[in-house]
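To start, the structure under review is shown below, and the notes come after it.
The values are calculated or read from the model by the stated rules, or taken from the named source; none is laboratory data. The model shown is predicted, which means the values in this text are computed figures rather than measured ones. Cβ: placed from backbone, ideal geometry, glycine included. Neighbour counts: every protein chain shown.
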Amino acid sequence: MTRITALEDRIIAASQQASSMEAWLKREIYTCCATRREETGIALEMALTHLHRIQRTLEQEQ
């Protein structure tokens, strides 16, 4: 396996993990909104925004 292939594999794995994290964050945000835990929901929305930035960076690397 070449360095580039290994790097591509790591980028793909990171992208898949980011997608899983995105789904989890969205469920948690929904739960926070439903239970009126606004501060936690806001923090999770900020985390989701940061995750989207990471995903865009990973997409550019592919």
(request) Being over 17 Å from Glu61 (Cα atoms) and among the small types (Gly, Ala, Ser) is the filter here, so list the residues in region 1-50 that pass it. (result) Ser20, Ala23, Ala34, Gly41, Ala43, Ala47
(request) With the condition kept exactly as written, say whether any residue in region 22-42 is within 13 Å of the chain's Cα centre (by Cα) and in contact (Cβ under 8 Å) with a residue 24 or more places away in the chain. (result) yes
(request) Would you be able to say whether some residue in region 18-34 is in contact with a helix residue (DSSP H, G or I) (Cβ under 6 Å, 6 or more places away or on another chain), modelled with pLDDT under 85 and of a type in the set (Val, Ile, Thr)? (result) no
(message) Test of understanding: among Gln60, Gln55, which residue is in a helix (DSSP H, G or I), polar (S, T, N, Q), within 16 Å of Ile11 (Cβ to Cβ) and touching a residue at least 24 places away in the same chain (Cβ under 8 Å)?
(response) Gln55
(request) Using the structure shown, decide if Leu48 is in contact with a Leu (Cβ under 6 Å, 6 or more places away or on another chain), assigned to a helix (DSSP H, G or I) and either at pLDDT below 85 or not aromatic (Phe, Trp, Tyr) (or both). (result) yes
